[in-house]
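The values are calculated or read from the model by the stated rules, or taken from the named source; none is laboratory data. For clarity, every value in this text was computed on a predicted model and none was experimentally measured. Every residue, glycine among them, receives a Cβ derived from its backbone with ideal geometry; neighbour counts consider all protein chains shown. Accessible surface areas use protein heavy atoms only, side chains included; no ligands, DNA or RNA. Shrake-Rupley method; radii C 1.70, N 1.55, O 1.52, S 1.80 Å.
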Amino acid sequence: MIEQTFVSVGDGIRRVTLPLPTGPRHVHCYLADGTLFDTGLGLGDVPWRDLTVERIAITHFHPDHVGGAALAAELTGAPVFQGGLDYAQCERVWGSSDWPERIASWFRLHGVPVEIADELVAEGHAFAPFIRFAEGPNLVDEGSVVAGWHVLELPGHADGHLGFLRDGVLIGGDHLLGRISPAIGLYPESRPDPLGDYLASLERTIELAPDVVYPGHGEPIADPSARARELIEHHRARLAATEASLRPEPETGYEISLQLFGDPLPPTQRRFAVAETLSHLERLVREGRARRAGADGAVTYTA
Ligand SMILES: [Zn+2]
């Protein structure tokens, strides 16, 4: 596992890297003039007591960013700032006991076999208690300012994903990553066209043209506009591949994901693959390049 590390990354910002048990194996939090951006998963040792933290800002509600928020607030006494929409989703997902069942039945509606959906339920219940988000944070949205940082709404990776911009420096969460393409998935009770949202957020990033983005995973992004353009191209290619895989006969998002992402995948990755396939299908529907239908309790797509 990656060790906890502290690095000065420039712009007066310290990067605190915490280990993750899965995925990219690490997550970065950033500390700038007393503002701590993101809090890690909250498992294992955390250094917050040894640092001067006056306020905590959350980019989005995914476990590796918000899971340690309650603990960080407890240890520092600092108030937490989180997006309004993001906090609503955070509560719905991590604060309710039946979310695993709700998400599993939604995946079944999209053709995911029962045994994979059931595994999601078990995993969800095992995982949720460890995610200790801060209850009742100060809610912020587009136009808010937190300690001189301008709050930007950059939906896509999460519906309520925020960025924090000051003097050309963007604390970007998982909006823009250097080496991996941030997951853009469709989920229940979320905005209907996350990929459309994301492409617009990428265009906005190009317009804003920050000098540097400090991401939640991986190294700082020195040319954010170029990276945003690459990601737009990546999704255009994925949209074309998704469109090409459609047939005249109706198929579920799960079936289409098997063609696009191969088989087999472990359940967690299969879930991401299905959610990612669905976000592309929904964008194609909106562009008139695919058709959605629902019958017999299943959602299907055709060319
Ligand atoms: Zn992340």
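Filter region 29-44 down to the residues that are within 12 Å of the ligand (Cβ to nearest atom) and either at pLDDT below 90 or open to solvent by 10 Å² or more (accessible area, probe 1.4 Å) (or both) and list them by number.
Listed by number, the list holds a single entry, Leu41.
Kindly indicate whether Pro215 is within 16 Å of the ligand (Cβ to nearest atom), within 27 Å of Arg270 (Cα to Cα), touching a helix residue (DSSP H, G or I) at 6+ places or on another chain (Cβ under 9 Å) and in contact (Cβ under 8 Å) with a residue 24 or more places away in the chain. Write out each step before concluding.
Numbers: within 16 Å of the ligand (Cβ to nearest atom): yes; within 27 Å of Arg270 (Cα to Cα): yes; touching a helix residue (DSSP H, G or I) at 6+ places or on another chain (Cβ under 9 Å): no; in contact (Cβ under 8 Å) with a residue 24 or more places away in the chain: yes.
Spelling it out, it is not the case that Pro215 is within 16 Å of the ligand (Cβ to nearest atom), within 27 Å of Arg270 (Cα to Cα), touching a helix residue (DSSP H, G or I) at 6+ places or on another chain (Cβ under 9 Å) and in contact (Cβ under 8 Å) with a residue 24 or more places away in the chain.
From Pro224, Pro248, Pro210, Pro264, which residue is more than 16 Å from the ligand (Cβ to nearest atom), open to solvent by 70 Å² or more (accessible area, probe 1.4 Å) and touching a residue at least 24 places away in the same chain (Cβ under 8 Å)?
Numbers: Pro224 fails: open to solvent by 70 Å² or more (accessible area, probe 1.4 Å); Pro210 fails: open to solvent by 70 Å² or more (accessible area, probe 1.4 Å); Pro264 fails: touching a residue at least 24 places away in the same chain (Cβ under 8 Å).
Matching residue, one of Pro224, Pro248, Pro210, Pro264: Pro248.
Inspect region 109-119 for any residue being within 18 Å of the chain's Cα centre (by Cα), farther than 30 Å from Leu75 by Cα and open to solvent by less than 10 Å² (accessible area, probe 1.4 Å) and give the result as yes or no.
Step one: list which residues in region 109-119 are within 18 Å of the chain's Cα centre (by Cα), which gives none.
Looking through region 109-119, none of the residues is within 18 Å of the chain's Cα centre (by Cα), farther than 30 Å from Leu75 by Cα and open to solvent by less than 10 Å² (accessible area, probe 1.4 Å).
Tell me, yes or no, whether region 57-65 has at least one residue that is open to solvent by less than 10 Å² (accessible area, probe 1.4 Å) and more than 18 Å from the chain's Cα centre (by Cα). Spell out how you get there, then give the answer.
Quick first cut of region 57-65, residues open to solvent by less than 10 Å² (accessible area, probe 1.4 Å) only: 57-60, 65.
Going one step further and asking which of them are more than 18 Å from the chain's Cα centre (by Cα), we end up with none.
No, there is no match, as no residue in region 57-65 is open to solvent by less than 10 Å² (accessible area, probe 1.4 Å) and more than 18 Å from the chain's Cα centre (by Cα).
Six or more apart or on different chains, Cβ under 7 Å: which pairs go from a residue in region 267-289 that's within 16 Å of Pro188 (Cα to Cα) to one that's open to solvent by 10 Å² or more (accessible area, probe 1.4 Å) and among the hydroxyl-bearing types (Ser, Thr, Tyr)? Could you list them?
Listed by first residue and then by second, the contacts come to Val274/Tyr254; Ala275/Tyr187.
Can you tell me which of Glu153, Glu135, Glu189 is closer than 23 Å to Glu91 by Cβ, modelled with pLDDT under 95 and charged (D, E, K, R)? Can you show your working first?
Working: Glu153 fails: modelled with pLDDT under 95; Glu135 fails: modelled with pLDDT under 95.
That would be Glu189, the only listed residue that is closer than 23 Å to Glu91 by Cβ, modelled with pLDDT under 95 and charged (D, E, K, R).
Is it the case that Ile256 is of a type in the set (Val, Ile, Thr) and surrounded by 23 or more Cβ atoms within 10 Å (Cβ to Cβ)?
Answer is yes for this residue.
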